[in-house]
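The next block holds one structure in the form of structure tokens; read it before the comments.
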Amino acid sequence: MTIAVASCLTLFACPANEGRGPGDADDASTDLPIDGTTGGGDEDSFAPVPGGLRRLLRHQYVGSIRYLLGDEAAAAAAPPEDYPLHGFDAIGAAELALQASAIEQCEASARAVALAAVADRERLASFVPCVHDATADSPCYAAVAADFGRLAWRRPLTDGEVAALVQIAEDGRAWGDSFAVGLEYELMALLQSPHFIYLFELGEPDSDAPARRRLTGLELAARMSFFLLGRTPDAALLAAAEAGELETEAQVRAAAAAMLKQPEARTTLTKFYSELLLLRDLPTLAKSADLFPEFSPALAGSMAQETLHLLDAIVWQEDGDIRRFFDSDTTFVDAALAGLYGLPAPDGPGFHRVASPAAQGRAGLLGHASFLARFAHPGLTSPTRRGQFIRTRLLCDIILPPPPGVDTHLPAADPNKPETMKQRLQRHLTDQSCASCHRGMDPLGLTLEHYDALGRFRTEDQGLAIDVEASTDDLGRFAGARELAALLVDDRRAAACVIKNFVRGGLGHLETFGELPALDVLEDRFVASGHRVQSLLVDLVASPLFRAVADPR
């Protein structure tokens, strides 16, 4: 066993650092056809980010194991945790090095998966039939390396790589005196290799644009599958890539459109929005038991599901305008949420689409308890947190941290002089050390003060009438969730932010200045499509932003 593991770690160990760090984006506007050239013929106006390696996210790792080896093996998988950077797990996976403990976890996970896969070989046998009836002297180890290895590593293996894997398998068989033990060690070697754990996106020289590189067909197939389906590409997509069927824009668009029809596309988009909107944090949310005795992990789960049901309806059932997510006058409730919103309990279990209560002024996400409760304190609302979320996640503004030494705490409330939250926050808007940022954030949250720290509707704060009139320099005046939502619907920054978030959360980098021409084209196409997310995803995959890289760092 020692020989096999030592060989495995020497040949296929996780790399120590995959870091690269593209910069922030500035605002610009340049027309750019989808091939990456400008109307004036300046091919260098679009500049992609450097190529490199990106570690698979946990859900991508598990999803790949499920496709390759089945449900039991996926249940045994335990890859390293994801660590977000700039607000996204994918950026952390691209830029943060694996620690020694995480490398050990790669090995432990590979071993657990291999044991489960050998115990139940049905899925593996669908790719390599000989694993069912192999004998000690059969060539099955070579078949596993070549056929299964091609799927696991997303490319054909060289003769040397096949030979090294077969040697590991034979060492394991000799130690364990059975074909099964050798197979376990072969699978362990394949699954803890950087060729499985990392996406290789190095590209090849692009004869049409010498200043950049284009992803190879196999690299593009992998990037597409992980972006749209959250797992390794299937055998058919790899075969298409090897046959040169992902070369043209039309071919890429057709493949992307077909992938969006697969069930995993919905699951992947759900995971993306759970991360973007921080819905995944709701089960650990803390609320005051005295003020909100009805709050529970189950209610928090219902809050997240309400938001995800609305997204699913807009994106998949209706293939509609994603801006309806801001201003929808309908929502989805179960019995628990109906009680929170003061609505009659729906007929039957589960979630039902209902009209939002008109008197409460709710509008889309801005009226959802998932957002209102998540961006509040345990017992108090937080206009600053709510406003910061709108700025950073819905408009993609950059909010700098407070200067050193600034006290970010609210003044202690005086029980003898009750004040509304709006009155208490006046210091943020008058103190010059705070005002530059808070003038843009706080009004967005103050206009939502009709909803308490759990998202319940109210008309008073500390016994005083709530005033939701607010304004910002860029958006103008507004009062309440519906008026703010209407402004977001009409603000082109919100449409651009949808695209930027997919780049950040899907491709693992902050958009760069060189990518702005391609982003502008995507935004124009997004607007022309009626702000439909499915169309955007196809456009993004077909864009030079997705298909090209610069020289690796």
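Filter region 345-356 down to the residues that are assigned to a loop (DSSP other than H, G, I, E, B) and surrounded by fewer than 16 Cβ atoms within 10 Å (Cβ to Cβ) and list them by number.
Selection gives A345, D347, G348, P349, G350.
Tally time: how many residues in region 379-402 are not basic (K, R) and not in a loop (DSSP other than H, G, I, E, B)?
Total meeting the criteria: 9.
Here are some conditions: (1) crowded, with 16+ Cβ neighbours inside 10 Å; (2) in a helix (DSSP H, G or I). A134 meets all but one. Which one does it not meet?
In the conditions (1) crowded, with 16+ Cβ neighbours inside 10 Å; (2) in a helix (DSSP H, G or I), A134 misses (2) alone.
Given the criterion part of a helix (DSSP H, G or I) and closer than 24 Å to R223 by Cα, identify the matching residue among A112, A142, A146.
A146
Just to be sure I understand, how many residues within region 303-329 are surrounded by fewer than 22 Cβ atoms within 10 Å (Cβ to Cβ), among the polar types (S, T, N, Q) and touching a strand residue (DSSP E or B) at 6+ places or on another chain (Cβ under 9 Å)?
Result for region 303-329: 1.
Being surrounded by fewer than 24 Cβ atoms within 10 Å (Cβ to Cβ) and at positive phi is the filter here, so list the residues in region 357-377 that pass it.
The answer is G361, and nothing else.
Tell me, please, whether a residue that is within 19 Å of V144 (Cβ to Cβ), of a type in the set (A, V, I, L, M) and surrounded by fewer than 21 Cβ atoms within 10 Å (Cβ to Cβ) can be found in region 190-209.
Looking through region 190-209, none of the residues is within 19 Å of V144 (Cβ to Cβ), of a type in the set (A, V, I, L, M) and surrounded by fewer than 21 Cβ atoms within 10 Å (Cβ to Cβ).
Just checking, does region 445-468 include any residue being surrounded by 19 or more Cβ atoms within 10 Å (Cβ to Cβ), in contact with a strand residue (DSSP E or B) (Cβ under 7 Å, 6 or more places away or on another chain) and farther than 22 Å from L372 by Cα?
Within region 445-468, none of the residues are surrounded by 19 or more Cβ atoms within 10 Å (Cβ to Cβ), in contact with a strand residue (DSSP E or B) (Cβ under 7 Å, 6 or more places away or on another chain) and farther than 22 Å from L372 by Cα.
Name, by its number, the condition in (1) assigned to a loop (DSSP other than H, G, I, E, B); (2) modelled with pLDDT under 95 that does not hold for E449.
Only one criterion is unmet by E449, namely (2).
Can you name the residue in region 469-509 that is of a type outside the set (F, W, Y) and in a strand (DSSP E or B) and is also surrounded by the fewest Cβ atoms within 10 Å (Cβ to Cβ) among such residues?
Out of the qualifying residues, it is G476.
Does A300 satisfy being surrounded by fewer than 18 Cβ atoms within 10 Å (Cβ to Cβ), more than 19 Å from the chain's Cα centre (by Cα), part of a helix (DSSP H, G or I) and modelled with pLDDT of 95 or more?
no
The values are calculated or read from the model by the stated rules, or taken from the named source; none is laboratory data. The structure displayed is predicted, hence computed values, not measured ones. Note that each Cβ is placed from the backbone with ideal geometry, even for glycine, and that neighbours are counted across all protein chains shown.
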